[in-house]
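A short reminder: the numbers here are calculations on the coordinates, not readings from a lab. Computed from a predicted model, the values in this text were never measured in an experiment. Note that each Cβ is placed from the backbone with ideal geometry, even for glycine, and that neighbours are counted across all protein chains shown.
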Amino acid sequence: MASKFLCDCGYQVRTNSFEDHSIYSLITSNDIDAVKEPITENVLSNLWFNSQRMVECRGCGTLYLWDKEAKKYIAKKIVNG
Ligand SMILES: [Zn+2]
């Protein structure tokens, strides 16, 4: 995957965790509920590797989710209410 892309606001969004810290790994409550004791390092690393990646544009705050099918970050519209 590319380590950066250009947001619509013009900000260069970096997606390499060594370069930037606005990268999130989202884990669903279903994934958490499925964890069995004992919680080992292997279990935690599997959760992390299978998590949904999200990156925030520091220029405008837009959130992008990694799309496994498209193999790129795609902006997701957040609907209030
Ligand atoms: Zn932006």
Search result, residues across segment 7-26 that are touching a Ser or Thr at 6+ places or on another chain (Cβ under 7 Å), in a strand (DSSP E or B) and polar (S, T, N, Q): SER25
Of the residues in segment 44-81, how many are outside any strand (DSSP E or B) and among the charged types (D, E, K, R)? 6
Could you say which residue among ILE39, ILE32, ILE23, ILE74 is touching a Phe, Trp or Tyr at 6+ places or on another chain (Cβ under 9 Å) and not basic (Lys, Arg)? ILE74
Based on what the data block shows, is SER22 in contact with a strand residue (DSSP E or B) (Cβ under 6 Å, 6 or more places away or on another chain), free of Cβ contacts under 8 Å to residues at least 60 places away in the same chain, small (Gly, Ala, Ser) and within 16 Å of the ligand (Cβ to nearest atom)? yes
Considering only segment 1-26, state which residues are among the aliphatic types (A, V, I, L, M) and surrounded by 14 or more Cβ atoms within 10 Å (Cβ to Cβ). VAL13, ILE23
When every residue in segment 41-52 that is surrounded by 10 or more Cβ atoms within 10 Å (Cβ to Cβ) and farther than 15 Å from TRP66 by Cα is compared, the one nearest to the ligand (Cβ to nearest atom) is LEU47
Can you tell me which residue is surrounded by the fewest Cβ atoms within 10 Å (Cβ to Cβ) among those in segment 27-38 that are part of a loop (DSSP other than H, G, I, E, B) and within 23 Å of the chain's Cα centre (by Cα)? ALA34
Which one of ASP33, ASP67 is out of contact with any strand residue (DSSP E or B) (no Cβ under 6 Å at 6 or more places or on another chain) and of a type in the set (D, E, K, R)? ASP33
